[in-house]
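What follows is a short report on a single structure.
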Amino acid sequence: MTRQMTGAKMVVQALIDQGVDTVFGYPGGAVLPIYDEIFQQNHIKHILVRHEQGAVHAAEGYARSTGKPGVCLVTSGPGATNAVTGLTDALMDSIPIIVLTGQVPTFMIGSDAFQEADTVGITRPCTKHNWLVKETDALSGVLHEAFHVATSGRPGPVLVDIPKDVQFANGSYTEKKPSTSHYQPKLKGDMQEIEELVAAIEKAKKPVFYTGGGVINSGPAASQLLRELVAATNFPITSTLMGLGAYPASGENWLGMLGMHGLYEANMVMHDCDLMINIGARFDDRITGRLDAFSPNSTKAHIDIDPSSINKVIRVDIPIVGDVGHVLEDILKIWKSRGRKTNADAVGTWWNQINEWKKVDCLKFQQAGKVIKPQYALERLEALTKDHDRYICTEVGQHQMWAAQYLGFEDPNRWMTSGGLGTMGYGFPASIGVQMGHPDALVINVAGEASWLMNMQELGTAMQYNLPVKQFILNNERLGMVRQWQELLHGERYSSSWSESLPDFVKLAEAFGAKGIICSDPDDLDDAIMEMLNHDGPVLFDCLVEKHENCFPMIPSGKAHNEMLLGEADTQGVIDAKGSVLV
Amino acid sequence: MSALKIKKGASAKSAYNLRPTFSDVIERHTLAVLVENEPGVLARVIGLFAGRGYNIESLTVAEVDHQGHLSRITIVTNGTPQVIEQIKAQLGRIVTVHKVHDLTVEGPSVERELAMFKVTGQGEKRVEALRLADIFRANVVDSTLESFVFEITGAPEKIDAFADLMRPLGLADVARTGVAALSRGD
């Protein structure tokens with residue numbers, strides 16, 4: 001069935017038909033017709049951000065915490081270019097978002113018109129796909145297809161560029177229907193490979209599940225199947241930064257996060273295992289460390305919906321292309337039908353070894369004296385909030401790693417962090433998106449003061465919509481991770497990693513009408529955190545912490561999993577010239 | 001896993017792919033990529049090669065199905081087996097790419113390229129150029145008293161050989177289409 005309407009109305013209609021309830025955006029000349037339509041309806045709530053980058057990160061936070069695609073609406077030119085960081089972030093972390101951009105009228109494209117940019121050209125490498133719509137009749141079809149592409153297969157950001165004359169003109173609107181495009185990624189894994197993996201599971205003496213964001217993206221059912229498989233096999237499980245929460249942190253088989261700042265036991269298990277089952281992770285360089293020393297004696301299986309992830313950096317023995325949920329279901333079915341076998345004795349011995357590694361207690365720290373250790377701040381935050389209906393966002397840096405280490409995630413979609421791109425300034429707008437998706441939940445953004453300042457303008461957004469997001473800033477007056485690398489790699493020459501003039505965060509909060517809390521004494525910390533939790537509204541929590549704390553464990557650049565640094569004593573001259581060129 | 005384990009092939013026609021995935025040997029492959037002929041599709045393909053640091057030896061593109069709006073891009077590229085597999089997988093991810101064929105591993109294929117050579121000269125050199133053109137089955141498509149334009153079709157090696165012969169005889173300009181390739185049989 002088709003109906004006649006303007007392009008601008010089609011945009012709103014398509015969003016409604018796709019079940020969108022929230023749009024994050026910022027108006028401008030080239031999207032005014034669409035904003036006019038948004039004004040005249042009550043189905044979709046528009047959240048006015050303070051910068052387009054904030055709109056995209058908010059949409060990412062919304063998408064990651066709800067499992068639904070996030071939607072942004074921005075204008076042409078600078079509106080579109082400001083969205084580029086968010087698009088790249090979503091591409092790296094496989095987050096489904098739809099960004100709608102205005103464009104100058106079709107007859108002015110190419111004339112260097114006011115606020116014109118080659119948006120599809122600029123965003124081609126940082127979207128999964130993008131479209132420039134030149135005819136109103138094609139618009140609704142493209143919009144429906146955009147949702148299909150963003151959410152199927154390996155999810156990702158898409159962009160639809162809509163010239164202003166296309167928004168004004170009349171055309172026929174096509175209803176949402178199942179996509180007929182050729183883009184239909186395969187969900188079921190190859191049964192022969194799955195059988196092979198089951199056979200390997202039955203024989204393995206030192207197995208490990210290494211899981212990633214693909215489990216979360218596959219949906220809550222995939223996390224359930226993973227938990228069932230882990231419980232039934234009694235294999236240890238570790239996860240990437242992106243995959244935290246798919247398996248509960250309180251689960252018996254949980255080893256903690258792996259990788260550059262992962263836990264000792266998790267990395268040692270990865271190095272010594274004889275069967276590595278990668279589920280929805282991608283052998284990122286933060287995970288593998290030195291490639292030629294990566295898990296030298298293991299058979300490697302890799303489940304991924306994206307064929308290009310297979311054999312990209314690590315050669316695998318059992319490649320399975322498919323959706324994590326579908327493949328896990330088949331693995332469980334076949335493994336059960338073959339008699340639920342594992343090499344329980346050998347796995348028991350493996351656990352004995354793992355428990356020895358756990359005794360190293362790699363996250364131990366000492367809270368002594370009158371200065372708050374960042375680890376202590378997060379330990380107290382965890383203790384005081386873990387029973388809440390809680391969502392955690394982070395910025396990027398030391399605080400992000402500490403949050404991953406010291407906070408426990410019991411469920412998927414509760415942890416929003418910029419993994420692949422490492423975008424400072426991600427967490428605050430993301431927390432706004434999360435709070436929009438979960439109005440009654442406790443949403444905390446664990447931040448560093450430098451990252452937080454990168455998108456601090458969004459405090460205006462949080463106030464305007466009364467979103468009670470808690471900004472928990474571990475303030476060390478340093479770019480902590482940069483400082484740590486300069487200490488380890490650049491002869492303690494702290495070039496530009498020191499913020500010389502930071503604002504008074506309490507006054508800053510008050511200037512926006514929000515609540516500010518400052519805490520510098522470990523003895524006051526619990527009360528201050530409770531004050532933050534009890535305040536109904538946005539809170540800026542300025543937690544003054546130890547300025548020179550380093551983040552451990554750490555696999556230095558160019559080193560293998562079993563060459564971790566566990567503390568300050570290990571750090572002298574550890575990174576050689578070859579390692580220092582790596583990031 | 002046993003070292004002799006035979007993996008299923010990376011191609012549609014071959015049952016086995018015994019090439020070691022992580023070898024250092026540089027291979028030359030001809031890929032045929034069937035794409036939707038939408039604005040920007042070539043930029044997507046080329047941008048992928050540029051952005052990820054892959055090589056393009058030659059590239060030809062034209063719409064081959066006007067009704068279905070499908071274009072065929074023939075790309076000659078080189079790289080280690082792992083890079084070649086990555087290129088194919090990355091091309092396959094592009095939403096508007098319908099099919100990626102690796103003609104080099106999918107069985108025998110034929111490659112042809114068309115080239116035009118402008119050769120200028122007088123006297124014996126001019127006669128020799130014409131004689132060699134005849135041997136190579138090149139056609140004269142334009143002539144003045146002091147120049148020929150030859151048109152030649154063939155495998156890239158044949159065209160290279162012809163170019164080598166024409167150089168001392170007054171080769172002034174060359175235009176090559178790049179490789180078009182099809183698999184043999186059905």
Scalar couplings 3J(HN,Hα) for the range A:454-465 by Karplus 6.51 cos²θ - 1.76 cosθ + 1.60 (θ = phi - 60°), nearest whole Hz, x for Gly and Pro, are 5, 10, 5, 4, 5, 4, x, 5, 4, 5, 4, 9
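Show me the trypsin sites (Lys or Arg not before Pro) within the range A:330-415 that DSSP assigns to loop and that have at most 16 other Cβ atoms within 10 Å of their Cβ. Please report the intermediate quantities before stating the final value.
Details: sites: A:LYS333, A:LYS336, A:ARG338, A:ARG340, A:LYS341, A:LYS358, A:LYS359, A:LYS364, A:LYS370, A:ARG380, A:LYS386, A:ARG390, A:ARG414; in loops: A:ARG338, A:ARG340, A:LYS341, A:LYS359, A:LYS364, A:LYS370, A:LYS386, A:ARG414.
Qualifying residues, ordered by number: A:ARG338, A:ARG340, A:LYS341, A:LYS359, A:LYS364, A:LYS370, A:LYS386.
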The answer for the per residue Cα convex hull volume of the range A:139-206, in Å³, is 109 Å³
Inter-chain shielding metric for B:85-96, i.e. average beta-carbon neighbours from other chains within 10 angstrom, reads 5
With no solvent term and unit scatterers on the alpha-carbon positions of chain B, Debye gives log₁₀ I(q)/I(0) at q = 0.11, 0.12, 0.13, 0.17 Å⁻¹ of -0.62, -0.71, -0.79, -1.07
So, with points 7 Å from each Cα along the Cβ direction, the A:THR106-A:GLN464 label distance in nm works out to 3.2 nm
Given backbone amide H placed at 1.01 Å from N, residues whose amide H is under 5 Å from that of A:ASN445, ignoring those fewer than 5 places away on the same chain, are A:CYS393, A:LYS470, A:GLN471, A:PHE472
As straight-line cross-link partners of A:LYS359, the qualifying lysines (C-alpha separation under 30 Å, not fewer than 8 residues apart within one chain) are A:LYS203, A:LYS205, A:LYS206, A:LYS300, A:LYS341, A:LYS370, A:LYS373, A:LYS386, A:LYS547, A:LYS559
Taking the range A:40-158, the equivalent ellipsoid from its C-alpha gyration tensor has semi-axes in Å, biggest first, of 22, 16, 15
Place a point 7 Å from the Cα of A:ALA293 in the direction of its beta carbon; the residues of the range A:238-261 whose amide N falls under 20 Å from it are A:258-261
Taking Cα atoms only, helix B:81-93 is inclined relative to the longest principal axis of chain B by an angle, in degrees rounded to 10, of 80 degrees
Listed by chain and number, the lysines with an alpha carbon less than 19 angstrom from that of A:LYS176, same-chain partners under 8 positions apart left out, are A:LYS9, A:LYS68
Taking alpha-carbon centroids only, the range A:273-325 lies from the range A:422-444 a number of Å equal to 31 Å
With no solvent term and unit scatterers on the alpha-carbon positions of chain A, Debye gives log₁₀ I(q)/I(0) at q = 0.05, 0.06, 0.07 Å⁻¹ of -0.22, -0.32, -0.43
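Please tell me which of these pairs span more than 23 angstrom C-alpha to C-alpha: A:LYS312/B:LYS99; A:LYS164/B:LYS99; A:LYS128/A:LYS312? Working shown, then result.
Values: A:LYS312/B:LYS99 20 Å; A:LYS164/B:LYS99 35 Å; A:LYS128/A:LYS312 18 Å.
Correct reply: A:LYS164/B:LYS99.
Evaluate Rg over Rh across the range A:237-347, taking Cα atoms for both radii and Kirkwood's formula for Rh.
Working: Rg = 14.1 Å, Rh = 14.9 Å.
Rg divided by Rh gives 0.95.
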Listed by chain and number, the lysines with an alpha carbon less than 18 angstrom from that of A:LYS515, same-chain partners under 8 positions apart left out, are A:LYS470, A:LYS507
Listed by chain and number, the residues whose amide H is under 5 Å from that of A:ILE372, excluding neighbours fewer than 5 places away on the same chain and using placed H, are A:GLU546
For the range A:284-407, the Cα gyration tensor yields equivalent-ellipsoid semi-axes (√(5λ), largest first, whole Å) of 35, 20, 19
Sorted largest first, the Cα spans of the range A:368-436 on the principal axes come out in Å as 38, 27, 17
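When a footprinting reagent is the concern and you count Cβ atoms within 10 Å, what order do A:GLU500, A:GLU563, A:GLU265 take, fewest first? Provide the component values of the computation, followed by the final result.
On the way: A:GLU500 6, A:GLU563 16, A:GLU265 24.
Listed from fewest to most nearby Cβ atoms, that is A:GLU500, A:GLU563, A:GLU265.
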quick note, the protein assembly as shown, DSSP beta bridge pairs, % antiparallel (nearest 5) is 45 percent
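Please report, largest first and rounded to whole Å, the three semi-axes of the ellipsoid equivalent to the range A:481-583, where each semi-axis is the square root of five times an eigenvalue of the C-alpha gyration tensor.
Values: eigenvalues 266, 55, 27 Å².
Working from the Cα gyration tensor, I get semi-axes of 36, 17, 12 Å.
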Scoring only Lys, Arg, Asp and Glu (+1, +1, -1, -1) among other residues with Cβ under 11 Å from the Cβ of A:MET260 yields 0
Under the Karplus relation with 6.51, -1.76 and 1.60 and θ = phi - 60°, whole-Hz ³J(HN,Hα) for the range A:407-424, x at Gly and Pro, equal 9, x, 10, 9, 9, x, 6, 9, 9, 10, 8, 7, x, x, 7, x, 8, 4
Karplus-derived 3J(HN,Hα) from phi for the range B:38-43 (6.51 cos²θ - 1.76 cosθ + 1.60, θ = phi - 60°), whole Hz, x at Gly and Pro, runs 10, x, x, 5, 5, 4
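Every number here is computed from the coordinates shown, using simple stated rules; none is lab data. Here the structure is a predicted model, which means the values were calculated and not measured. So basically every Cβ, Gly included, is an ideal-geometry build from the backbone, and we count neighbours across all protein chains shown.
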